[in-house]
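The values are calculated or read from the model by the stated rules, or taken from the named source; none is laboratory data. Note that the coordinates shown come from a computational prediction; the quantities given were computed from them, not determined experimentally. Cβ atoms come from the backbone with ideal geometry, glycine included; neighbour counts cover every protein chain shown. Accessible surface is based on the protein model in full, side chains and every heavy atom, while ligands, DNA and RNA are left aside. Shrake-Rupley method; radii C 1.70, N 1.55, O 1.52, S 1.80 Å.
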Amino acid sequence: MRRPTVPRSLPITAVVLIVLGLIAMRVIPQVATPQQMSKNVLLSAIPFILIFAAIIILYISFIWALATSLKGVISARSYNIFMKIIIAGILLGIAGMFQPWAMVFYTWGFVLLLISTLTYIVVSHISPAPERD
């Protein structure tokens, strides 16, 4: 396994955005009136947007670190099996969300779809080891 390499600017930017989002949560309600906040949705959304962007940047950093550290480590056979399991999870999650019988299947289908989709995004960025003849 290699040492993960992530540009330092990504996590630093994420931390700065989180700090700015937390500051904006405190400052905006003090500066703007409730009437201004209700009319200007973007003003109310600034803290959410800053923190959401930070979460996305941290997720990108995680993918980058994992992809650089696991490049060529996982065998192609294991990689293909794992991808098929993830895709089956996505399909089961979709089936659970679109069935009309029980709310519990909807809830678990949503969770399974979310986890499977996020895992697919991460794993699809990892390069498996080349197959040997």
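If a residue has to be in a helix (DSSP H, G or I) and more than 20 Å from the chain's Cα centre (by Cα) to count, how many in the stretch 1-21 make the cut?
Within the stretch 1-21, residues that are in a helix (DSSP H, G or I) and more than 20 Å from the chain's Cα centre (by Cα) number 1.
For the stretch 49-71, the count of residues that are over 23 Å from L113 (Cα atoms) and exposed (fewer than 13 other Cβ atoms within 10 Å of the Cβ) is zero. Residues in the stretch 22-48 that are surrounded by 14 or more Cβ atoms within 10 Å (Cβ to Cβ) and not in a helix (DSSP H, G or I): A32 alone. Annotation for the stretch 22-39: at least one member residue is more than 24 Å from H125 (Cβ to Cβ), within 22 Å of the chain's Cα centre (by Cα) and modelled with pLDDT of 90 or more.
Yes/no matrix, rows are residues, columns are (1) of a type in the set (G, A, S); (2) under 30 Å from G21 (Cα atoms); (3) touching an Asp or Glu at 6+ places or on another chain (Cβ under 6 Å):
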site	(1), (2), (3)
P47	no, yes, no
W64	no, yes, no
I81	no, no, no
L91	no, no, no
G96	yes, no, no
F105	no, no, no
L114	no, yes, no
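Summed over the stretch 75-132, the residues that are open to solvent by 90 Å² or more (accessible area, probe 1.4 Å) and either part of a loop (DSSP other than H, G, I, E, B) or touching a strand residue (DSSP E or B) at 6+ places or on another chain (Cβ under 8 Å) (or both) give a count of 7.
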